[in-house]
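Below: one structure, written as structure tokens.
Derivation of every value follows stated rules applied to the coordinates shown; laboratory data play no part. This one's a predicted model, so the numbers in the text were calculated from it and none came from an experiment. Positions of Cβ are generated from backbone atoms using ideal geometry, with glycine treated the same way; all protein chains shown enter the neighbour counts.
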Amino acid sequence: MKKSKEIGYGKIVGPDFEKEFNPKEFFDSYKNIGFQATNLGKGIDLVKQMQKEKATIIVGFTSNMGTSGVRDIITYLVKNKLVHCVVTSTGGLEEDIIKTYGDFLHGDFDADGGKLREAGVNRTGNIFVPNERYIWFEKYCGEVLKKVYADNKKNNETITGEKIIYELGKNLEGKKGAESSFTYWCYKNNIPLFCEPLNDGAIGDHIYFFKKDHKDFVIDMTREVEKMYDFVLNQDKIGAIIIGGSVPKHFIMNACMTREGADYTVYLNTGYEGEGSNAGANPNEAKSWGKATADDNNVKIWGEATITFPILIAAGFKLK
């Protein structure tokens, strides 16, 4: 065999369970395990660096995270002002609000869809959502759309997605369950919350029916782009923590292109680069567009985010 060179850095080693368990040492050990544990360990270090450098932290996630218990972690981060901007899709926004009214329930990946339909239950993975939750949300969303439309008529102000999201959060004030909502805390703490695209999902359904009765109801979608671009351009440093792909990921990273990229980038998803998808695109691809800075301050953690994201936050942030 050809004589080898010692290429690489650090020793591959797992956590030492012979010692008394120490959470900090355990989390620190991830970077030395190898494979995706090492990527998770690097992500933890980058999140710490974002805070050390006082970077403006943007968190983006797809709607399934709102469906899952990850939603409550997002709420914690926003409530305690540990992050400074949130981007999600319509499902994430509406399901966050729906959960203030009624819980989502444990189900089964293998449940019979036809029988669930007969029972009025919707399934997302192994999570069940009874129809009754969405019936409540139809009334709730209708109240907000009426308020926004009335303000438009009274003050001749442009209707924007920003205005609708603000009112969706504000309308929770004083209601049971409000403090579990990241939409509410974004309103309360004046943290920008973007929903892209707003006209999808149940909100899109309600917009459709509302417009049937109010033909002049129009939402100006250009405001979100202007506000997001202005937001990233006015920050000293940007840290992006993004779960999944789709529009939230692209909305954040495309805005960062205006400033030669996010200074720190942590992706958490299961996307495969070979398919050319947005989720599959890794930070190295983002560098080619100028969406991520051309250095080593970025990582993709390949794995299901309900497992990896709680670890990232528990290890990366200074929590209570």
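Do the conditions hold for PHE194, that is, is it in a strand (DSSP E or B) and either free of Cβ contacts under 8 Å to residues at least 60 places away in the same chain or closer than 30 Å to ALA262 by Cα (or both)?
On the way: in a strand (DSSP E or B): yes; either free of Cβ contacts under 8 Å to residues at least 60 places away in the same chain or closer than 30 Å to ALA262 by Cα (or both): yes.
Against the criterion (in a strand (DSSP E or B) and either free of Cβ contacts under 8 Å to residues at least 60 places away in the same chain or closer than 30 Å to ALA262 by Cα (or both)), PHE194 qualifies.
Looking at (1) surrounded by fewer than 18 Cβ atoms within 10 Å (Cβ to Cβ); (2) more than 17 Å from THR88 (Cα to Cα); (3) touching a helix residue (DSSP H, G or I) at 6+ places or on another chain (Cβ under 7 Å), which one does ASN199 not meet, given that it meets all the others?
Checking ASN199 against (1) surrounded by fewer than 18 Cβ atoms within 10 Å (Cβ to Cβ); (2) more than 17 Å from THR88 (Cα to Cα); (3) touching a helix residue (DSSP H, G or I) at 6+ places or on another chain (Cβ under 7 Å), the one that fails is (2).
How many residues are within 19 Å of LEU46 (Cα to Cα), crowded, with 20+ Cβ neighbours inside 10 Å and of a type outside the set (A, V, I, L, M, F, W, C) when one looks only at segment 239-283?
Looking only at that region, the number is 10.
Starting from segment 265-281, keep only residues that are farther than 14 Å from GLU304 by Cα and touching a residue at least 24 places away in the same chain (Cβ under 8 Å), then list their pairs with residues that are small (Gly, Ala, Ser) and exposed (fewer than 13 other Cβ atoms within 10 Å of the Cβ) whose Cβ atoms are within a distance under 8 Å, requiring at least 6 positions of separation or different chains.
Sorted first by the residue in segment 265-281, then by its partner, the list stays empty.
What pairs come up if the first residue lies in segment 240-261 and is without any contact (Cβ under 8 Å) to a residue 60 or more places away in the chain and within 22 Å of LYS54 (Cα to Cα), the second is acidic (Asp, Glu) and buried (at least 19 other Cβ atoms within 10 Å of the Cβ), and their beta carbons are under 9 Å apart, counting only those six or more places apart or on different chains?
Partner pairs satisfying both residue conditions: CYS256/ASP263.
Being on the phi < 0 side of the Ramachandran plot, touching a strand residue (DSSP E or B) at 6+ places or on another chain (Cβ under 9 Å) and of a type outside the set (Phe, Trp, Tyr) is the requirement here; does ALA279 meet it? Break it down into steps so the answer makes sense when it comes.
Details: on the phi < 0 side of the Ramachandran plot: yes; touching a strand residue (DSSP E or B) at 6+ places or on another chain (Cβ under 9 Å): yes; of a type outside the set (Phe, Trp, Tyr): yes.
Yes.
Within the set of pairs 6 or more residues apart or between chains, which connect a residue that is touching a residue at least 12 places away in the same chain (Cβ under 8 Å) and among the hydroxyl-bearing types (Ser, Thr, Tyr) inside segment 296-311 to a residue that is surrounded by 18 or more Cβ atoms within 10 Å (Cβ to Cβ) and assigned to a strand (DSSP E or B) with Cβ atoms less than 9 Å apart?
Once the first residue is touching a residue at least 12 places away in the same chain (Cβ under 8 Å) and among the hydroxyl-bearing types (Ser, Thr, Tyr) and sits in segment 296-311, its partners that are surrounded by 18 or more Cβ atoms within 10 Å (Cβ to Cβ) and assigned to a strand (DSSP E or B) give THR308/ILE243; THR308/LEU268; THR308/ILE301; THR308/TRP302.
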